[in-house]
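The values are calculated or read from the model by the stated rules, or taken from the named source; none is laboratory data. Only a predicted model underlies this, so the values are computations on that prediction, with no experimental measurement involved. Here Cβ is always computed from backbone atoms with ideal geometry, including for glycine, and neighbour counts include all displayed protein chains.
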Amino acid sequence: MLPYLLTTLAMLAFAANSILCRLALVENDGTTSIDAASFTSIRLISGAVILTILMLIRTREFKPKNINVFSSIMLFTYAICFSFSYIAIATATGALILFGTVQLTMIIFGLIKGERPDQLALVGILLAFGGFIYLLLPGVSAPPLMSALLMMIAGLAWGIYSLRGKGIINPLVATSWNFIGTLPLVLLTYLIFQDDVHLSQKGIVLAILSGALASGVGYSIWYAALPHLTATRAATVQLTVPIIAAIGGVMLLSEPVSLRLVVASIAVLGGVYLTIKPVK
C-alpha cells in the first residue's frame, strides 16, 4: 500500500509544478504575480534549501565534491525553459509536451545505444511523434510555437538529466547537490533579468511551494517509491501527469481543453505507452 501512496503523491507533485507555475505567471486580469526568471530562481533556491536539509538529516554529511556540473546545467536548463514556456502555454499542453519529450528523449537514447524495439514499439514511436506534429501544426488551438519549443527544450534537458541519474547509489544526495550546483546560474539569471524583476507575495509563495514541496519533497518521495517499481511501471506512471495537470488547469485556471489537445494526448501518451510496454 505504501509504494502506491508514495507514487500517487509523487505524480501529484510533478503535476503541481505545472499548475503552480501557471498560477504564478498568469492572472485572470492578464497581469502576473512574478516574472519567469524570478520564479525559476526562487524555485531552485527553495528546492536546494529543502533538499539540503533532507540530505543532512539523512546522511549528516556536506561534501561539495558531489556536485555534477553538467547535471546541474541540465537541471537549470529544464527549470528556466519550463518557466518561460508557461508564460504563454496552457497547463495541460505544457505538461504533455514536457513529459512526452522526456519519454521520447529516453527512448531515442536507447535506440542510439543499440536497443532494437519490436514492431509494436516502432508503431508507438511513430504515433507519439505524429501526436507532437499534430499538436504543433498551425491553427487556432495550436500552442505558441516559441513556448512549445521552450518546453521541448525543457523536456530534452530533463530527459538527459534523468538518464545521467540512472544507477546513482544515493539519489537524494545527488539531487541535493545538483540543485545546489544551479545556484551560480541563478545568480547569473538575476544579473541578466534584474531590470525585469516583478515580485508579489503570491508569486513568491507559489515559487517556494513549487521548489520546496513540488520539487524538493516531491523528488524525495519519488525516489522513495522507485525501489518498489519496475522500470516500465516507473515510466508508465509518469504518463498520468499531463492528465492531472489538465484537471488542475481546468479547475484552478478555467483553461479550456481543446479537441486538438485531447487527440494529441491520446496519440503521444498512447504511443509512448506502446513503446515502453513490455512484450509478454
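Residue check: is ALA174 closer than 20 Å to PHE109 by Cβ, part of a helix (DSSP H, G or I) and at pLDDT 80 or above?
Taking the combined requirement at face value, the residue satisfies it.
Find the residue count for segment 1-29, including only residues that are among the polar types (S, T, N, Q) and modelled with pLDDT of 90 or more.
The number of residues fulfilling the criteria is 2.
Which residues, counting only those in segment 29-41, are touching a residue at least 40 places away in the same chain (Cβ under 8 Å) and either surrounded by fewer than 24 Cβ atoms within 10 Å (Cβ to Cβ) or over 14 Å from ALA214 (Cβ atoms) (or both)?
THR32, SER33, ILE34, ASP35, ALA36, ALA37, SER38, SER41
I need the full set of residues from segment 199-230 which are of a type in the set (Phe, Trp, Tyr) and either surrounded by fewer than 21 Cβ atoms within 10 Å (Cβ to Cβ) or not in a helix (DSSP H, G or I) (or both), in order please.
Result: TYR223, single match.
For segment 135-143, indicate whether the set of residues that are buried (at least 19 other Cβ atoms within 10 Å of the Cβ) and among the hydroxyl-bearing types (Ser, Thr, Tyr) is non-empty.
Within segment 135-143 (the criterion being buried (at least 19 other Cβ atoms within 10 Å of the Cβ) and among the hydroxyl-bearing types (Ser, Thr, Tyr)), the answer is no, since none of the residues qualifies.
Conditions first: (1) touching a Lys or Arg at 6+ places or on another chain (Cβ under 9 Å); (2) under 21 Å from VAL217 (Cα atoms); (3) not hydrophobic (A, V, I, L, M, F, W, C). GLY124 passes all but one, so which condition is the exception?
Among (1) touching a Lys or Arg at 6+ places or on another chain (Cβ under 9 Å); (2) under 21 Å from VAL217 (Cα atoms); (3) not hydrophobic (A, V, I, L, M, F, W, C), GLY124 violates only (2).
Each row is one residue, and each column tells you yes or no for (1) outside any helix (DSSP H, G or I); (2) out of contact with any helix residue (DSSP H, G or I) (no Cβ under 9 Å at 6 or more places or on another chain); (3) under 23 Å from PRO256 (Cβ atoms).
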position	(1), (2), (3)
LEU127	no, no, no
ALA142	yes, no, yes
MET146	no, no, yes
LEU156	no, no, no
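For ALA92, only one of the following conditions fails: (1) closer than 16 Å to LEU213 by Cβ; (2) at pLDDT below 85. What is its number?
Checking ALA92 against (1) closer than 16 Å to LEU213 by Cβ; (2) at pLDDT below 85, the one that fails is (1).
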